[in-house]
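Only one structure is covered here, and it is reproduced in the block below.
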Amino acid sequence: MGLEIVGSRVLAPVFGTSLFVWGALITTFLAALAAGYALGGRLADRRPDPALLANVLLAAGALVIVLFAAPDFVLSAASGAPVPDRFRALLAAIVLFGPPSVFMGAVTPFAVRLAARELALVGSAAGRLSAVSTAGSILGAFSTAFLLIPTFPTRPILFGLGASLLAAALLVPAPRFARRLVSAAVVGATAALVFLVGPGISTLPAPAGTLVYQKETAYHRIRVVDQGLRRALYFDNRVQGYAPARPGMTLGLNYTDGLALSLAFVPRATRVVVIGLGAGMMPSTLRKRAPEIRTTSIEIDPEVVAVARKYFAFAPGPGDRVIVGDGRRELDRQVDGADIIVVDAYYSDSLPFHLVTKEFDELCAKKLGPGGAVAVNFGGDLTGPRNQLFWSALRTLGEVFPRVYVFSQELKEGVSPFRSTAIVIATRAAERLDPGTLADRARAVADRLGRPTVSEYATRLYEGEVRTAGVPILTDAYGPTDALQHLER
């Protein structure tokens, strides 16, 4: 279980963390364990020798160490395989995780055969060892998810798993201990050398610029990179926000101007909730230019909050709040009301499905005042081959909010599917703002925030065809966001 959980971190930089990646891992481990159970039982019947069990453990440990010392080639080859992209992670998982898992699966039936000295004791031996195996799985899952991954990089964890298997081989009460000790020491020492000097686990090309900070958390690989005039925050391989590299500098047009455009729809807003802190761009702008607005920032990853404070000068004002937790849950529990709710919560490759369902939109509407608005950031390249996820989310918002506005330069110019950012603003107001009134209000917001680019973003208003035919309304019971991202409908 520990290998399965850390396996998600091996695949994520290349394949993401979608439902298909987890499906590939679970499928591979279940199939490999099933094969291992059959193999272990057969080997034990043919040669019930403790030394053979020790060798099985040695083989498992050696495979973990060898395969994950430098899995770049396998990941690269699988990512370019001539199969539908949702199956590429499965190919990588089979090659990397299948062989060691087969050997690990062979351990329990082999141990049962050795422990059951008499036929009458087979049941108790099987039950006892199955309980021990399950307890080990629980310990492996818990320690990997809650202790190891939040604390250490992926490489030492994988090396530790392999080394643990080598050590387990030495604990088997079998003859020729000295020979097994030498074998384990040679494999372990060789592996340690490879891990120390090898290229490591494959990732997509590192972002251009100077790496300032890097850390793996329970949710992402966070990187802070200086890129000329800006300092950027990355989750895995996707930029999540940025700030001027030096105080006093200003950045050009960016997606936060589109999110700030929500103030044009609620000019008297005093309460703004931001779900997904990132580099703290939106709350920081409001604190500096509109301090009368109280912000509540909700971020699921505490490390992101720490990074925003240390590297992006994020400093909440006296009336502002920062809440660490799931955006939907904390919005429900800790927010009494809001004038604007901003949803900027992409992971490296997806928007969490429970933040685009009808039930979530209804929760937002419940928290908003009569003229309140929701602003959502959509990355076009993450919404499917024909932007199906975007259009589905748009249709879902339309089920709850009377007016929905789309701001996308590509869509306005007739580019479809679009690949850059689209900002969607849904309001509870019954009347639709005409482009002239919107432009006037956008200029007022631009002056208020000292961001002329907010007014420029208003010119991206898309008034063309809304392509919601054939896409589903997303609900908690049926939210196929991964399918909309990766499958043609």
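The values are calculated or read from the model by the stated rules, or taken from the named source; none is laboratory data. The structure displayed is predicted, hence computed values, not measured ones. Please note: Cβ atoms are built from the backbone with ideal geometry, for glycine as well, and neighbour counts cover all protein chains shown.
For the range 393-430, the tally of residues that are closer than 23 Å to residue 456 by Cβ, under 26 Å from the mean Cα position of the chain (by Cα) and among the hydroxyl-bearing types (Ser, Thr, Tyr) stands at 3.
Condition check ((1) among the hydroxyl-bearing types (Ser, Thr, Tyr); (2) at pLDDT below 90; (3) over 23 Å from residue 179 (Cβ atoms)) across all residues:
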{"residue": "43", "(1), (2), (3)": "no, no, no"}
{"residue": "51", "(1), (2), (3)": "no, yes, no"}
{"residue": "67", "(1), (2), (3)": "no, yes, yes"}
{"residue": "73", "(1), (2), (3)": "no, yes, yes"}
{"residue": "85", "(1), (2), (3)": "no, yes, yes"}
{"residue": "92", "(1), (2), (3)": "no, no, yes"}
{"residue": "103", "(1), (2), (3)": "no, no, no"}
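Note on the range 8-37: residues that are of a type in the set (Phe, Trp, Tyr), surrounded by 20 or more Cβ atoms within 10 Å (Cβ to Cβ) and within 21 Å of residue 106 (Cα to Cα) amount to 1.
Apart from one condition, residue 342 fits all of (1) surrounded by fewer than 23 Cβ atoms within 10 Å (Cβ to Cβ); (2) not in a loop (DSSP other than H, G, I, E, B); the exception is (1).
The single condition among (1) more than 33 Å from the chain's Cα centre (by Cα); (2) touching a residue at least 40 places away in the same chain (Cβ under 8 Å) that residue 447 does not meet is (2). Based on what the data block shows, is residue 99 outside any helix (DSSP H, G or I) and farther than 26 Å from residue 486 by Cα? No; evaluated as a whole, the condition is false for this residue. Going by the structure shown, is residue 89 assigned by TED's automatic domain parsing to the domain that holds residue 37, crowded, with 16+ Cβ neighbours inside 10 Å, touching a Phe, Trp or Tyr at 6+ places or on another chain (Cβ under 9 Å) and in a helix (DSSP H, G or I)? So residue 89 passes the test. Within the range 393-438, the residues that satisfy the criterion of being among the aliphatic types (A, V, I, L, M) and touching a Pro at 6+ places or on another chain (Cβ under 8 Å) are 429, 430. Looking at residue 126, is it under 37 Å from the mean Cα position of the chain (by Cα) and not hydroxyl-bearing (Ser, Thr, Tyr)? Against the criterion (under 37 Å from the mean Cα position of the chain (by Cα) and not hydroxyl-bearing (Ser, Thr, Tyr)), residue 126 does not qualify. Exactly one residue out of 76, 130, 101, 124 is within 30 Å of residue 303 (Cα to Cα) and in the same structural domain as residue 27 (by TED's automatic domain parsing): that is 76.
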